[in-house]
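No lab work stands behind these numbers, since they all come straight from the coordinates. Everything quoted here is computed from the prediction, not taken from an experiment. For neighbour counting, all protein chains shown are included, and Cβ atoms are generated from backbone atoms with ideal geometry for every residue, glycine included.
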Amino acid sequence: MHIIHLSAECYPAAKAGGLADVVGSLPKYLNQLGQRCEVVIPKYDNHWIAAQTFETIFDGAFSMGSEQVKFSIQRMKDDKLGFPFYVLDIPGRFDRPGIYIDPWSGHGYWDELERFVSFQIAALEWMKAENLRPDIIHCHDHHTGLVPFMLSQCNRYRSMADIPTVLTVHNAEYHGEHDLENFKLLPAFNIDNIGLLDWNGRLNSLAAGLKCAWKISTVSNTYMDELAENSNGLELLFKEERKKSTGIVNGIDTEVWDPATDELLEFNFSYKDRKKGKQKNKEYLCKQFDLDPELPTISFIGRLVREKGADLLPDLFKQIIYSESEVNFILLGTGDPQLHQIFARMESDHMGYFDATLEYNEQLAHQMYAGSDFILMPSRVEPCGLNQMFAMRYGTVPIVRSVGGLKDTVVDISKEGGYGITFNDFSLEAASEGISRAVELYKDQKIYPEVLSKIMKLDFSWKRSAREYIDMYKGLTQK
């Protein structure tokens, strides 16, 4: 099957979160299983894209409202990502360093709707002009949520209306919601069907995609169920569209995330020498932050935002530090400016037990996965979560709130076959109890090595998940 993926992100070209990791991995593994997958994203003005060589394969133009928009499709000459990779260049819209946020102001771009509407129209214009007829057009999140609507409703794409569309919801907190009058930016359609764009009187890109896509997928089974209860206002719609929806747990790229070959680690190690390898990486990590390697070391890696439960961390860390338990805490991430200030103060207040690196640092993240004993994920919302899978691949035990994909991928050690620490409530008390249980596990020299052995043998590779995607695609193309 020929599948074209449309996305705002793709690792390593452009990344703001887990969406990039999925779009940068899933197509590669689908291709390895005999499919023909390609990826199209906007052409951002960032270092990675600037360092690659692209060739222009198509030039085009279209009207968007009263604006005439010129664009080009450029293909990366070296298919080193494991799939043909295209960037869609729209001068004046995407030739900026940020994906969603202006790095100079810290705020979202004022023309977000125009940016992503132009990206979606340009992608369809290219396919129409070149008579590309993929078996599936796979859209990711609200940034491409208008594609299923345009294919099914816009007069201009009537010849493409029979191409099946899949919309994968990676994060339903964000809808791409704007004034309904912006429907005028889209190619002409029967105005009687404007309700397909409308949700609570607003143009809602994600809602339009949910209504019009042939199939909806989310990134874990539990998250699929949770969306009907909590999706920032789309709960009723997720309930109504449940029959065409499915949950498929994300995988990880085990070629990139392999402690035996990871070039970002100070010391490579395999399952066979896991104890020695973990210890050497832990000693190196603790030396970097002037921490005692004899103590259990717990890390948090991620965005410092409410969704990830980051606002719980200052009080949680302080409570444990002031208790009788001796624990190292290491934090890596960026986000809420107030939390930046709090963690910066905590560094000096709790030297020897806490350290924070308030930046995006891929190399340090890999070293923390390898050198930590535990990874902490107290998320309010976690559609799938990849950090827990990365961590276990590197022999680091997850401490997670049992929500979304964390519930689907981490089984508590109290249960048969369990290998992680889980807690249910989003509260200081529940998270603190989880850390206390982790400390007790660390001290148990019989059980802890068994857990370490178990998590490093778990299979979270994309091959398993990719086969589920293929089954889903086949269900759409064989009707």
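Rounded to two decimals, the Cα radius of gyration of segment 392-479 over 2.2 N^0.38 Å is 1.38. So which chymotrypsin sites (Phe, Trp or Tyr not before Pro) in segment 223-306 are both in a DSSP loop and have at most 14 other Cβ atoms within 10 Å of their Cβ? Those satisfying the criteria are 271.
Using only the Cα atoms of the chain, what semi-axes does the equivalent ellipsoid have when each is the square root of 5 times a gyration tensor eigenvalue? Give whole Å, largest first.
Details: eigenvalues 330, 102, 98 Å².
Square roots of five times the eigenvalues give 41, 23, 22 Å.
Over the chain, DSSP H runs of length four or greater, each weighted -39,500 (n - 2.57), average out per residue to a 222 nm ellipticity of -10500 deg cm²/dmol. The C-alpha atoms of the chain define a longest principal axis, and helix 362-371 lies at about 40 degrees to it. Along the axis of the charge dipole computed for the chain (Cβ charges of +1 for Lys and Arg, -1 for Asp and Glu, origin at the Cα centre), the listed residues 236, 123, 405 are led at the positive end by 123. Remark: segment 274-459 projects, on average over all directions, an area of 9.4 nm² (convex hull of Cα atoms).
Checking every one of the chymotrypsin sites (Phe, Trp or Tyr not before Pro) in segment 118-215 against DSSP loop status and a limit of 10 other Cβ atoms within 10 Å picks out no site at all. Excluding same-chain neighbours fewer than eight residues apart, the lysines reachable from residue 80 by a Cα-Cα span under 23 Å are 15, 28, 43, 463. The label point for residue 181 and the one for residue 468, both projected 7 Å from the Cα toward the Cβ, are 4.4 nm apart.
The simple Förster model, with R0 at 35 Å and r as the Cβ-Cβ distance, assigns residue 77 and residue 477 a FRET efficiency of 0.70. Rounded to 0.05, the FRET efficiency of the residue 101 and residue 284 pair, given R0 = 30 Å and the Cβ-Cβ distance, is 0.35.
Its convex hull of Cα atoms gives segment 224-331 a direction-averaged projected area, equal to a quarter of the hull surface, of 10.5 nm². In this Cβ point-charge picture (+1 for Lys and Arg, -1 for Asp and Glu), the chain has a dipole of about 1500 debye about its Cα centre. Hull volume per residue, based on the alpha-carbon atoms of segment 367-420 and their convex hull, is 69 Å³. Loop-located GluC sites (Glu not before Pro) in segment 373-470 (DSSP state not H, G, I, E or B) with no more than 15 neighbouring Cβ atoms inside 10 Å: 416. Excluding same-chain neighbours fewer than eight residues apart, the lysines reachable from residue 215 by a Cα-Cα span under 18 Å are 239, 243, 244, 474, 479.
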